[in-house]
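Notes follow once the structure below has been shown.
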Amino acid sequence: AKAQGKNQFVIHTSDLSDEMISESVLEIELRNALENDEFVLHYQPQIHTVSKELIGFEALIRWQHPRLGMLEPGRFIRLAEENGLITQIGEWVINEACLQNKKWQHAGMTPVKISVNLSTQQFLTRNLISYVEEVLDRTALNPKYLVVEITENMAMEYEYSIYVLKELKKLGIGISIDDFGTGYSSLNYLKNFPIDYIKIDKSFVSELMNDENDAIIVVATITLAHNLHKEVIAEGVETQEQLEFLKKHNCDIIQGYFFSKPLSACEIEKVYLLH
Ligand code: C2E
Ligand code: CA
Ligand code: CA
Ligand code: CA
């Protein structure tokens with residue numbers, strides 16, 4: 001890789017073996033991806049379990065790579081975390097999600113929430129709060145239509161976290177605990193932190209009908225969340241049986257391939273932007 005001025009790199013792929021191309025080249029290309037406008041968001045519908053009403057979308061990033069095609073976050077988020085690009089990428093995600101949501105509202109779509117995933121680094125960046133505030137101001141998006149998803153590891157590990165969450169809450173946005181039950185769970189934060197939603201991880205949902213322990217954990221999570229006045233979202237719902245189980249146990253919101261895979265903005269408009 002050869003540096004060409006500020007932040008631009010040229011890769012001579014002919015010099016490298018296929019295996020070498022994978023990570024090291026991707027990492028360098030990742031540095032140009034923002035400038036080259038290669039990221040896109042896909043949106044996965046979140047549906048009310050009983051009314052089947054559309055509650056919102058989770059924004060999930062993809063990298064439209066010039067040679068490799070559409071890359072899922074599994075291919076590049078860890079790299080972006082390692083080289084510190086994740087905060088800039090995450091800011092792009094917040095901005096893009098708010099802009100898109102506002103556009104849809106202007107176009108006459110029933111207003112819905114958009115959830116964005118925050119990485120730990122981004123969550124701990126000093127200017128997160130002012131960045132979110134600035135984007136909300138600039139896009140004139142009502143803050144109740146923005147939700148941030150954090151993991152319990154972020155909520156737990158840092159004294160500073162509670163301050164950040166309270167400040168975000170003051171802005172009027174929603175807060176969701178992602179991948180619930182897969183991290184360091186101290187239940188203490190659930191009572192102290194201003195959390196609106198708990199997301200049951202798809203690892204519990206996928207084995208719901210085969211593994212009694214997963215079913216027990218899911219039911220207990222829903223009960224716990226409701227007693228603490230939080231709503232529950234189940235992710236990774238793929239089958240009718242899973243949906244019926246979750247409905248029977250009063251899970252509030254469903255997300256998963258059973259309803260829809262994540263869709264491009266254009267596909268969302270075809271389905272949800274009724275004239
Ligand atoms: P996550 O936040 O747990 O997101 C759910 C993942 O499950 C998504 O994968 C989604 O496409 C997938 N999924 C949804 N429904 C189903 C289903 O019914 N079955 C199965 N098997 N999978 C389903 P995706 O889009 O590949 O994202 C993977 C992870 O990458 C996310 O997990 C999240 O941790 C991270 N990620 C995605 N977008 C962003 C982003 O903008 N910023 C950050 N920091 N992380 C992101
Ligand atoms: Ca998520
Ligand atoms: Ca996650
Ligand atoms: Ca998950």
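The values are calculated or read from the model by the stated rules, or taken from the named source; none is laboratory data. Given the structure is predicted, the values throughout are model-derived calculations rather than measurements. Here the Cβ is made from the backbone with ideal geometry for all residues, glycine too, and neighbour counts use every protein chain on show. Heavy atoms of the whole protein, side chains included, go into the accessibility calculation; ligands, DNA and RNA do not. Shrake-Rupley method; radii C 1.70, N 1.55, O 1.52, S 1.80 Å.
Estimate the FRET efficiency between Lys144 and Glu167 by the formula 1/(1 + (r/R0)^6), using the beta-carbon distance for r and 25 Å for R0, to the nearest 0.05.
0.95
Of all the accessible heavy-atom surface of the chain, with the other protein chains kept in place and a 1.4 Å probe, what percent is carbon and sulfur?
Values: 6950 of 13580 Å².
C and S fraction of accessible area: 51 percent.
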Sites Asn188 and Ser51 - FRET efficiency at Förster radius 30 Å, r taken between beta-carbons, to 0.05: 0.35
In the structure shown, do any of Lys144/Lys199; Lys166/Lys199; Lys113/Lys191; Lys191/Lys230; Lys52/Lys261 have a Cα-Cα gap over 22 Å, and if so which? Lys113/Lys191
Once both labels are modelled 7 Å past Cα along the beta-carbon direction, what's the Ser203-Thr239 spacing in nm? 2.0 nm
Within the stretch 41-55, name every residue whose backbone N is under 19 Å away from a label modeled 7 Å from Cα of His106 along the Cβ vector. 41
Once the piece of chain linking Arg78 and Lys248 is laid out straight, how much longer is it, given 0.36 nm per residue of separation minus the C-alpha distance between them? 57.5 nm
Against the longest alpha carbon principal axis of the chain, how many degrees, from 0 to 90 and to the nearest 10, is the axis of helix 86-106 turned? 60 degrees
Calculate how steeply helix 128-139 sits against the longest principal axis of the alpha-carbon atoms of the chain, using the helix alpha-carbon long axis, and give the answer as 0 to 90 degrees to the nearest 10. 90 degrees
How many angstrom lie between the Cα centre of the stretch 161-197 and the Cα centre of the stretch 23-79? 24 Å
Does anything in the stretch 233-262 have its amide N under 14 Å from the 7 Å Cα→Cβ label point of Ala215, and if so which residues? 241-249
Using the heavy atoms of the protein chains alone and a 1.4 angstrom probe, what is the accessible area of the chain per residue in square angstrom? 49 Å²
Separation of alpha-carbon centers, the stretch 132-148 and the stretch 248-263, rounded to whole Å: 25 Å
Would you please put 251-259, 118-126 in order of how densely packed they are, using the mean number of other Cβ atoms within 10 angstrom per residue and starting with the highest? 251-259, 118-126
Which Cα, out of Ala33, Gln100, Leu79, lies furthest along the positive dipole direction of the stretch 17-109 (beta carbon charges, K/R +1, D/E -1)? Gln100
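Can you check what the net charge comes to around Gly108, using other residues whose Cβ is under 13 Å from the Cβ of Gly108 (Lys, Arg +1; Asp, Glu -1)?
Surrounding charge for Gly108 is +1.
Using a/c under 1.5 as the rounded threshold, could you call the stretch 152-275 rounded, prolate or oblate? The axes a ≥ b ≥ c are square roots of the C-alpha gyration tensor eigenvalues, and prolate needs a/b larger than b/c, oblate otherwise.
Note, shape of the stretch 152-275 comes out oblate.
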